[in-house]
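See structure below.
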Amino acid sequence: MFWKFDLHSSSHIDTLLEREDVTLKELMDEEDVLQECKAQNRKLIEFLLKSECLEDLVSFIIEEPPQDMDEKIRYKYPNISCELLTSDVSQINDRLGEEECLLMKLYSFLLNESPLNPLLASFFSKVLSILISRKPEQIVDFLKRKHDFVDLIIKHIGTSAIMDLLLRLLTCIEPPQPRQEVLNWLNEERIIQRLVEIVHPSQDEDRHSNASQSLCEIIRLSRDQMLQVQNSSEPDPLLASLEKQEIIEQLLSNIFHKEKNESAIVSAIQILLTLLETRRQTFEGHIEICSPGMSNSTYSVNKSVLEAIKARLSSFHELLLEPPKKGLMKTTWGVLDPPVGNTRLNVIRLISSLLQTNTSSVNQELIELNSIGVILDMFFKYTWNNFLHTQVEICIALILASPLESTENGTITDQDSTGDNLLLKHLFLKCQLIERILEAWEMNEKKQAEGGRRHGYMGHLTRIANCIVHSTDKGPNSTLVQQLIKELPEEVRERWETFCTSSLGETNKRNTVDLVTTCHIHSSSDDEIDFKETGFSQDSSLQQAFSDYQMQQMTSNFIDQFGFNDEKFADQDDIG
């Protein structure tokens, strides 16, 4: 019978462990050493728990391997050591977390000079992180006793693995009281202020980026924790420190230095954008955004943050006009001198976030600076930069959809019975949005008629035009939009009406056919356009489907997916 035979194949590791002179490296050379460790092989665990073996495992991950080794196997033992120490075997966790000499040896890695070896740093961070998770009280107590711990974290923040370790301290400790103690400790060590100091032109790009990312994650983690523990009597000290007006002022003072440093400016704007988020993230870095100025947000924007930004809006506006100097950029469609650049793109993202708050004093400042007019000029100047076009489109959609403006204390400003909106008036009168759309559309048609290439912003321009049509009929400012269009010069108004019924209608029809042949679009009665007013055929279900689709894109769903978290593009230096 088959059960008479022992079908369990004995591991070669068991055979090795029967030898008295077996070495740690011999065991680590075995392919199944990790599998056997995780399977709690008793003999192997007992061998690894020997003091000399644990010390050697720690040494492997904190000491540079010999330079003369073949590069393919140079980090073999450090990698396997890390995997063994993080295999989540309770006996190994207990020994590492409770033996001071082992912790001291591990901690000594931070005493190395910068920059740290990034691969060894990742091994070190992974081991210490699992110890923080499994032995929080012992590890935090150990780190608190190391008075130079926060100093060393700040020193090495340019190494991503060390930044990850800092964030692990905030995420791996689940019990509320120990977590609050860690927050208080880090706040007493002025971690927020010290990270803000790093976002300065005198520091290098890696330190800018990692300090900024650390602060952004601290904001999000703190807000999420506050939502989960709503009855907590103690506020989050790190978030409270970061939201102080003097801290934001210091951050802005750093970047508006004599020297315009793109890396520092972009990193600072990332922090501001995170502070201005009003909804938690949903997926892949996108956040859910409600209508501008509405109160059903998950997070509220601290008014001291808005005050600090408002005081520097003129400096941000100046960056739109005079960004950090960049060389000309040669592209397949011509030379850009200067290109849009990451700085200006992020300033526009900041403006769109500020528009989302719909704060009266901020809106007034934007009007006085004519920032909307400047970004509209950029929209038409940089014909092929769709990152830019998307952000400008969002700004226009937010202005068209914005309800009555709120002041800093949340009250509604005095406005007339038509729902007067100064920013919306500015968009139509000073920025001449309708005229600009008509002019650009006619220029494009003329160019195409001469055999030229269609302008790259035409898809965005179509959506902006459709958004205006929708706002005229059903938007929150429909009365004012109708009045503003009515007050246009007669020649412009007639051109606009003709445009809506002919060029725009034909484009929508053409786009609808293309769209529906590739995917089925469901009609949404909430977002329908009155086709009588726009001159589209009511009998065309395809046109209606396309219009519904476009209105959906231009309102909340569009902003959700493209509005404020383009991190994947934020680090690109070659944005045209």
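Just to check your reading of the model, which residue among Phe124, Phe142, Phe149 is among the aromatic types (Phe, Trp, Tyr), touching a Gly at 6+ places or on another chain (Cβ under 9 Å) and open to solvent by less than 10 Å² (accessible area, probe 1.4 Å)?
Phe142
Can you find, within segment 27-42, the residue that is most open to solvent (accessible area, probe 1.4 Å) among those that are part of a helix (DSSP H, G or I) and of a type in the set (D, E, K, R)? Give the derivation first.
Looking only at segment 27-42, we keep the residues that are part of a helix (DSSP H, G or I), and these are 27-28, 33-38, 42.
Pick out the ones that are also of a type in the set (D, E, K, R) and you get 36, 38, 42.
Numbers: Glu36: 37, Lys38: 118, Arg42: 150 Å².
Filtering first and then ranking leaves Arg42.
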Q.
Which numbered condition in (1) of a type in the set (Ser, Thr, Tyr); (2) touching a Leu at 6+ places or on another chain (Cβ under 7 Å); (3) assigned to a helix (DSSP H, G or I) is the only one that Ser87 fails?
A. (3)
Q.
Pairs please, first residue from segment 362-381 and closer than 18 Å to Ala308 by Cα and free of Cβ contacts under 8 Å to residues at least 12 places away in the same chain, second anywhere and among the hydroxyl-bearing types (Ser, Thr, Tyr) and open to solvent by 10 Å² or more (accessible area, probe 1.4 Å), Cβ atoms under 8 Å, 6+ apart in sequence or on different chains.
A. none
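Residue by residue, here is whether (1) closer than 25 Å to Thr343 by Cβ; (2) open to solvent by less than 10 Å² (accessible area, probe 1.4 Å); (3) not in a helix (DSSP H, G or I) holds:
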residue	(1), (2), (3)
Leu186	no, yes, no
Gln193	yes, no, no
Val196	yes, yes, no
Ser209	yes, no, no
Leu221	no, no, no
Asp224	no, no, no
Glu234	no, no, yes
Ser253	yes, no, no
Q.
Only one of Ser314, Ser304 is farther than 22 Å from Ala401 by Cα, open to solvent by 10 Å² or more (accessible area, probe 1.4 Å) and at pLDDT 95 or above. Can you tell me which?
A. Ser314
**Q.** Odd one out for Asn386 among (1) touching a His at 6+ places or on another chain (Cβ under 8 Å); (2) modelled with pLDDT of 95 or more; (3) within 26 Å of Leu313 (Cα to Cα)
**A.** (2)
(Q) Which of the numbered conditions does Thr357 fail, given that it passes all the others? Conditions: (1) crowded, with 20+ Cβ neighbours inside 10 Å; (2) modelled with pLDDT of 95 or more. (A) (2)
(Q) Suppose we keep only residues that are not in a helix (DSSP H, G or I) and not charged (D, E, K, R) within segment 255-266. Which one would you say is farthest from the chain's Cα centre (by Cα)? (A) His257
Q | Candidate set from segment 155-181 (those that are open to solvent by less than 20 Å² (accessible area, probe 1.4 Å), assigned to a helix (DSSP H, G or I) and modelled with pLDDT of 95 or more); member that is nearest to Met226 (Cα to Cα) | A | Leu166
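The values are calculated or read from the model by the stated rules, or taken from the named source; none is laboratory data. Just so you know, these numbers come straight off a predicted model, no measurement behind them. Methodologically, a virtual Cβ is constructed for each residue, glycine included, from the backbone with ideal geometry; neighbour enumeration extends over all protein chains shown. For the accessible areas, the whole protein counts, side chains as well, though only heavy atoms, and no ligand, DNA or RNA atoms are used. Shrake-Rupley method; radii C 1.70, N 1.55, O 1.52, S 1.80 Å.
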